[in-house]
Amino acid sequence: MIKVKRLRHATFTTADIKAQLDYYQSIIGLGVIARGDGRILLGTESDELTLVLERGAASQLTSIAYEVAPGLEPAELQKSLASHGIASEIRSDTAPGIAKSLLFDDTDGHRIELFSRWGFCKAVEPIRGLAVAKLGHVALHSPDPERTAKFFGDVLGFRVSDRIEQNFVFMRCGPEHHAMNFARGTDGRLHHIAFELRDASHMHQACDLLGRNRVQILWGPVRHGPGHNVAVYHYDPDRHLIELYYSMDVMLDEELGYFEPRPWHRDRPQRPKTWVGLPRDVWGVGPAKEASEFSPAMRGVK
């Protein structure tokens with residue numbers, strides 16, 4: 001089994017790369033690392049590659065990149081995938097600072113990229129907007145969330161942090177409550193992508209910035225039950241659902257099996273579980289009707 005250590009970056013195609021670039025620069029606060037032929041790479045002020053935008057006919061998430069343990073070579077990873085009957089290919093120079101990576105597809109058709117060595121990439125254009133801390137997690141629709149969760153667990157070493165009834169699975173690859181979520185849906189499209197903020201004042205700044213730019217907040221501020229992060233949601237120009245959050249649960253000691261105790265936890269200690277019924281959020285109002293990702297059957301599901 002391959003043990004993924006950290007979510008690194010995501011790649012989107014877009015029919016309007018100019019609008020998406022302006023949003024991710026002026027609102028999210030990512031800096032341009034490099035520009036190529038129909039391809040723009042963006043990173044945080046910590047000089048970490050975070051997002052890749054590529055010009056395409058459809059606006060969609062196309063791949064997700066993860067870091068594995070130092071010293072693991074792509075050829076070793078390829079053997080591990082082969083033992084699961086998964087075909088893969090080794091690629092060179094997929095992005096600045098990544099000499100070699102291994103690419104393959106998950107059960108829902110998303111391209112997965114794994115690498116162990118990477119370099120910091122300084123933005124060549126000034127960073128504006130919120131200057132988010134990092135890409136925090138990616139949530140995907142799946143016709144069978146449990147099947148997808150099993151793939152990520154058996155093949156990539158993710159662990160289940162929580163479930164919401166039969167509709168949502170939260171998985172971690174490090175101490176934070178989740179790096180991946182899987183929501184029940186008809187296909188494997190993106191559910192939402194989340195960026196971490198520093199603290200409450202940064203969230204206040206984010207809401208003010210969204211308001212000044214007339215971007216509707218679709219849900220929040222709210223403190224969720226699963227993960228207990230404080231979050232707000234809105235759409236980017238391609239109508240991808242974007243979450244901004246801070247203060248997520250962490251499990252600093254896997255052997256203890258519980259998340260670091262916090263005053264807002266209803267369970268003492270808070271352990272991975274299946275959440276059933278409403279309300280699940282600690283506080284905050286439910287999502288707006290304009291948030292199509294949250295159908296009546298899924299309302300209140302993070």
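The values are calculated or read from the model by the stated rules, or taken from the named source; none is laboratory data. A quick note: this is a predicted structure, and the numbers were derived from the prediction, not measured. Heads up, the Cβs are rebuilt from the backbone with ideal geometry, glycines too, and the neighbour counts pull from every protein chain shown.
Entry remark, the range 248-293: residues being surrounded by fewer than 11 Cβ atoms within 10 Å (Cβ to Cβ), modelled with pLDDT of 95 or more and hydrophobic (A, V, I, L, M, F, W, C) number 2 in total. The criterion of at least 2 residues that are basic (Lys, Arg) and touching a residue at least 24 places away in the same chain (Cβ under 8 Å) is met by the following strands (runs of 3 or more DSSP E) wholly inside the range 158-231: 159-164. Answer with yes or no whether PHE120 is surrounded by fewer than 18 Cβ atoms within 10 Å (Cβ to Cβ), aromatic (Phe, Trp, Tyr) and either within 26 Å of PHE294 (Cβ to Cβ) or not assigned by TED's automatic domain parsing to the domain that holds VAL276 (or both). For PHE120, the condition - surrounded by fewer than 18 Cβ atoms within 10 Å (Cβ to Cβ), aromatic (Phe, Trp, Tyr) and either within 26 Å of PHE294 (Cβ to Cβ) or not assigned by TED's automatic domain parsing to the domain that holds VAL276 (or both) - is met.
Rundown of residues vs (1) in contact with a Phe, Trp or Tyr (Cβ under 6 Å, 6 or more places away or on another chain); (2) assigned to a loop (DSSP other than H, G, I, E, B), yes/no style:
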| position | (1), (2) |
| --- | --- |
| GLU243 | yes, no |
| LEU256 | no, yes |
| ARG262 | no, yes |
| ARG268 | no, yes |
| PRO272 | no, yes |
| ASP281 | no, yes |
| PRO287 | yes, yes |
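To keep it simple, each residue is scored yes or no on (1) buried (at least 18 other Cβ atoms within 10 Å of the Cβ); (2) outside the structural domain of TYR233 (by TED's automatic domain parsing); (3) in contact (Cβ under 8 Å) with a residue 24 or more places away in the chain; (4) acidic (Asp, Glu).
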| position | (1), (2), (3), (4) |
| --- | --- |
| GLU89 | no, yes, no, yes |
| ASP93 | no, yes, no, yes |
| PRO96 | no, yes, yes, no |
| HIS110 | yes, yes, yes, no |
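Can you spot a residue in the range 41-48 that is under 26 Å from ASP187 (Cβ atoms) and either under 18 Å from the mean Cα position of the chain (by Cα) or among the basic types (Lys, Arg) (or both)? No; the residues of the range 41-48 include none that is under 26 Å from ASP187 (Cβ atoms) and either under 18 Å from the mean Cα position of the chain (by Cα) or among the basic types (Lys, Arg) (or both). Residue check: is ILE40 farther than 21 Å from ASP154 by Cβ, free of Cβ contacts under 8 Å to residues at least 24 places away in the same chain and not basic (Lys, Arg)? The answer is yes for ILE40. Of everything listed in (1) assigned to a helix (DSSP H, G or I); (2) in contact (Cβ under 8 Å) with a residue 40 or more places away in the chain; (3) of a type outside the set (Ser, Thr, Tyr), the single unmet condition for ILE33 is (1). Taking the range 59-154 and the strands (runs of 3 or more DSSP E) fully enclosed by it, the elements with 2 or more residues that are closer than 18 Å to CYS173 by Cα and among the β-branched types (Val, Ile, Thr) are at 60-68.
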